[in-house]
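S.K.: After the structure tokens below, expect a handful of questions from me.
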């Protein structure tokens, strides 16, 4: 069975972080490989994270720093207000 990490788990893989891992069944998969793990494309992951920006604001900031082609509207603060 083919699989790829998606949604929350794609955020985990692309940020090389530590979010909960849950597999999502799909009929069509076109995964990319990150550290040897199949994952949905980065732009799909960013779109998901932007949809839930309140949850993934820090991850969006990380993705914006890690990948040049990621454009986010996240206003994550690294310093106290």
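S.K.: Pairs, please: C-beta under 7 Å, at least 6 apart or cross-chain, first residue assigned to a loop (DSSP other than H, G, I, E, B) and in region 31-58, second modelled with pLDDT of 90 or more?
M.R.: If the second residue must be modelled with pLDDT of 90 or more, the pairs left are 41/32.
S.K.: So how many residues does region 7-28 have that are in contact with a helix residue (DSSP H, G or I) (Cβ under 7 Å, 6 or more places away or on another chain) and at pLDDT 80 or above?
M.R.: Qualifying residue count for the region: 5.
S.K.: Can you tell which of 4, 47, 59 is at pLDDT 80 or above and in contact with a strand residue (DSSP E or B) (Cβ under 7 Å, 6 or more places away or on another chain)?
M.R.: Details: 47 fails: in contact with a strand residue (DSSP E or B) (Cβ under 7 Å, 6 or more places away or on another chain); 59 fails: in contact with a strand residue (DSSP E or B) (Cβ under 7 Å, 6 or more places away or on another chain).
Within the list 4, 47, 59, the selection yields 4.
S.K.: Might you let me know whether region 12-29 holds any residue that is buried (at least 16 other Cβ atoms within 10 Å of the Cβ), outside any helix (DSSP H, G or I) and touching a strand residue (DSSP E or B) at 6+ places or on another chain (Cβ under 7 Å)?
M.R.: no
S.K.: Working only within region 31-67, note down all residues that are closer than 19 Å to residue 2 by Cα, surrounded by 11 or more Cβ atoms within 10 Å (Cβ to Cβ) and out of contact with any helix residue (DSSP H, G or I) (no Cβ under 8 Å at 6 or more places or on another chain).
M.R.: Within region 31-67, the subset closer than 19 Å to residue 2 by Cα is 31-42, 44-45.
Still in the running and surrounded by 11 or more Cβ atoms within 10 Å (Cβ to Cβ): 31-32, 34, 37-42, 44-45.
Residues satisfying the conditions are 31, 38, 41.
The values are calculated or read from the model by the stated rules, or taken from the named source; none is laboratory data. Predicted, not measured: the structure shown is a model, and the values here were computed from it. Note that we place each Cβ from the backbone using ideal geometry, even for glycine, and neighbour counts take in every protein chain shown.
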